[in-house]
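*Asks:* Mind looking over this structure? Questions follow.
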Amino acid sequence: MAKLNKMYENRICVITGAASGIGRALALALKARGAILALSDVNAEGLAETLKLAGGVNSNTILIDVLDVSDADAIMAYAPHVEKTLGKADYIFNVAGLTRVGNFDKTSLESMELVMNVNYWGVVRMCKAFLPQLKATQGGIINISSLFGLIGYPGQTHYCASKFAVRGFSETLAQEVEAFGIRVSCVHPGGVATGISRNAIVDALPDNIESQDALNKKFDAVAATSALDAALVILKGAAKGSRRILIGRDAVFLSYVQRLFPSGYTKFLAKLMR
């Protein structure tokens, strides 16, 4: 643990999606380890709460900014803003994301595009904007995919597509930037106790779910990992330069099932859902 603490001490860590969930947990865990933080989210109130919990003020050690990762121009302006205020980034944690619920035939193309724009293009834009800084610091990129970046799941065509894309992008980028001393980790959380289910926009409920409240309860039943535990797993994996980080027993188990039965795992999932 002492070695882990030293890895992030006085390191400039940029975290999107820092207003809640895993992003907030990462911010607090890194602050406790002496990191310098650049925190962003579209949720200004949540960001303010994260800042309060971190016991800091918007200063030369904690920078907070309202940022929409689907806004390409805003991200390109954000990278020099962070460098001018704090210095060159050492780690980029791309956590910001959203989900929707609904089978493809009941989901508009606009919904598909929005999820991809935030979950995938937000990650790509952040990596592109901060890459020159990371080359200078020989830092790390940590991209949040999902268990649903390893397996397909009904009612999540848009989310799965975006998280599979993050995985493919991250695994390829890792090979390309290794020569610059940059390490890329792709994170696949299973059920983590965050507000992602309650914040999801429901285009259409699955046939076996009668209400969003029932959907939330189903998610809560499998969300066995706390956001703090998830953050600690991420920090340990990123410190080691692990290219794939699995969070939760469900992610470990189902990734194993998928590798054993790359085509047949869907039948297992169907039984599990019933």
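The values are calculated or read from the model by the stated rules, or taken from the named source; none is laboratory data. Everything numeric here is computed off the predicted structure, so don't read it as measured data. Counting neighbours? That spans all protein chains shown, and the Cβs are built from the backbone with ideal geometry, glycine included.
*Asks:* How about the range 224-273: which of its residues are part of a helix (DSSP H, G or I) and either basic (Lys, Arg) or at positive phi (or both)? Outline the logic, then answer.
*Replies:* Filtering the range 224-273 for residues part of a helix (DSSP H, G or I) gives 227-240, 249-260, 265-273.
Listed by number, the residues that qualify are Lys236, Lys240, Arg249, Arg259, Lys267, Lys271.
*Asks:* Please count how many residues of the range 1-31 are under 13 Å from Ile92 (Cβ atoms) and either part of a strand (DSSP E or B) or more than 20 Å from the chain's Cα centre (by Cα) (or both).
*Replies:* 4
*Asks:* Follow-up question, since we're still on this one. Out of Tyr120, Tyr91, Tyr153, Tyr159, report the one residue that is in contact with a Gly (Cβ under 6 Å, 6 or more places away or on another chain) and of a type in the set (Ser, Thr, Tyr).
*Replies:* Being in contact with a Gly (Cβ under 6 Å, 6 or more places away or on another chain) and of a type in the set (Ser, Thr, Tyr) holds for just one of Tyr120, Tyr91, Tyr153, Tyr159, which is Tyr91.
*Asks:* Of all the residues that make up the range 230-263, how many are in contact with a Ser or Thr (Cβ under 7 Å, 6 or more places away or on another chain) and without any contact (Cβ under 8 Å) to a residue 24 or more places away in the chain?
*Replies:* Within the range 230-263, residues that are in contact with a Ser or Thr (Cβ under 7 Å, 6 or more places away or on another chain) and without any contact (Cβ under 8 Å) to a residue 24 or more places away in the chain number 0.
*Asks:* Test Ala18 against the criterion of being in contact with an Asp or Glu (Cβ under 9 Å, 6 or more places away or on another chain), crowded, with 24+ Cβ neighbours inside 10 Å and under 25 Å from Asn117 (Cβ atoms), and give yes or no.
*Replies:* Details: in contact with an Asp or Glu (Cβ under 9 Å, 6 or more places away or on another chain): yes; crowded, with 24+ Cβ neighbours inside 10 Å: yes; under 25 Å from Asn117 (Cβ atoms): yes.
Spelling it out, Ala18 is indeed in contact with an Asp or Glu (Cβ under 9 Å, 6 or more places away or on another chain), crowded, with 24+ Cβ neighbours inside 10 Å and under 25 Å from Asn117 (Cβ atoms).
*Asks:* Looking at the structure I just gave you, is Asp90 among the acidic types (Asp, Glu) and buried (at least 18 other Cβ atoms within 10 Å of the Cβ)?
*Replies:* Working: among the acidic types (Asp, Glu): yes; buried (at least 18 other Cβ atoms within 10 Å of the Cβ): yes.
It is true that Asp90 is among the acidic types (Asp, Glu) and buried (at least 18 other Cβ atoms within 10 Å of the Cβ).
*Asks:* Quick check on the range 54-74. Is at least one of its residues in contact (Cβ under 8 Å) with a residue 60 or more places away in the chain, assigned to a loop (DSSP other than H, G, I, E, B) and closer than 22 Å to Ile234 by Cα?
*Replies:* Here is the first cut: in the range 54-74, the residues in contact (Cβ under 8 Å) with a residue 60 or more places away in the chain are none.
Scanning the range 54-74 turns up no residue that is in contact (Cβ under 8 Å) with a residue 60 or more places away in the chain, assigned to a loop (DSSP other than H, G, I, E, B) and closer than 22 Å to Ile234 by Cα.
*Asks:* Please go through the range 78-109 and pick out each residue that is aliphatic (A, V, I, L, M), more than 15 Å from the chain's Cα centre (by Cα) and either modelled with pLDDT under 95 or over 27 Å from Leu28 (Cβ atoms) (or both).
*Replies:* Pass one, the range 78-109, residues aliphatic (A, V, I, L, M): 79, 82, 86, 89, 92, 95-96, 98, 101, 109.
Pick out the ones that are also more than 15 Å from the chain's Cα centre (by Cα) and you get 79, 82, 86, 89, 101, 109.
Val101, Leu109, listed by residue number.
*Asks:* Go through the range 225-240 and give me each residue that's among the hydrophobic types (A, V, I, L, M, F, W, C) and over 14 Å from the mean Cα position of the chain (by Cα). Working first, answer last.
*Replies:* So the first thing to find is which residues in the range 225-240 are among the hydrophobic types (A, V, I, L, M, F, W, C), and the list is 227-228, 230-235, 238-239.
If the condition is that a residue be among the hydrophobic types (A, V, I, L, M, F, W, C) and over 14 Å from the mean Cα position of the chain (by Cα), then Ala239 is the only one that fits.
*Asks:* Then there's this: Please specify each residue of the range 138-173 satisfying the condition of being of a type in the set (S, T, N, Q), more than 15 Å from Met112 (Cα to Cα) and either in contact with a strand residue (DSSP E or B) (Cβ under 6 Å, 6 or more places away or on another chain) or in contact (Cβ under 8 Å) with a residue 24 or more places away in the chain (or both). It would help to see each step written out before you state the result.
*Replies:* Restricting attention to the range 138-173, the residues satisfying the condition of being of a type in the set (S, T, N, Q) are 138, 143, 145-146, 156-157, 162, 170, 172.
With more than 15 Å from Met112 (Cα to Cα) added as a condition, the list becomes 138, 143, 145-146, 170, 172.
Of everything in the range 138-173, those that are of a type in the set (S, T, N, Q), more than 15 Å from Met112 (Cα to Cα) and either in contact with a strand residue (DSSP E or B) (Cβ under 6 Å, 6 or more places away or on another chain) or in contact (Cβ under 8 Å) with a residue 24 or more places away in the chain (or both) turn out to be Gln138, Asn143, Ser145, Ser146, Ser170.
*Asks:* Sort out which residues of the range 32-42 are modelled with pLDDT under 95 and either part of a helix (DSSP H, G or I) or under 19 Å from the mean Cα position of the chain (by Cα) (or both), and write them in order of number.
*Replies:* Ala32
*Asks:* Go through (1) at pLDDT below 90; (2) among the aliphatic types (A, V, I, L, M); (3) surrounded by 13 or more Cβ atoms within 10 Å (Cβ to Cβ) and name the single condition Ala221 misses.
*Replies:* (3)
*Asks:* Among residues belonging to the range 141-158 that are of a type in the set (Ser, Thr, Tyr) and surrounded by fewer than 24 Cβ atoms within 10 Å (Cβ to Cβ), point out the one that is farthest from Lys128 (Cα to Cα).
*Replies:* Just the residues of the range 141-158 that are of a type in the set (Ser, Thr, Tyr), to begin with: 145-146, 153, 157.
Subset that is surrounded by fewer than 24 Cβ atoms within 10 Å (Cβ to Cβ): 153, 157.
Details: Tyr153: 30, Thr157: 26 Å.
This residue is Tyr153.
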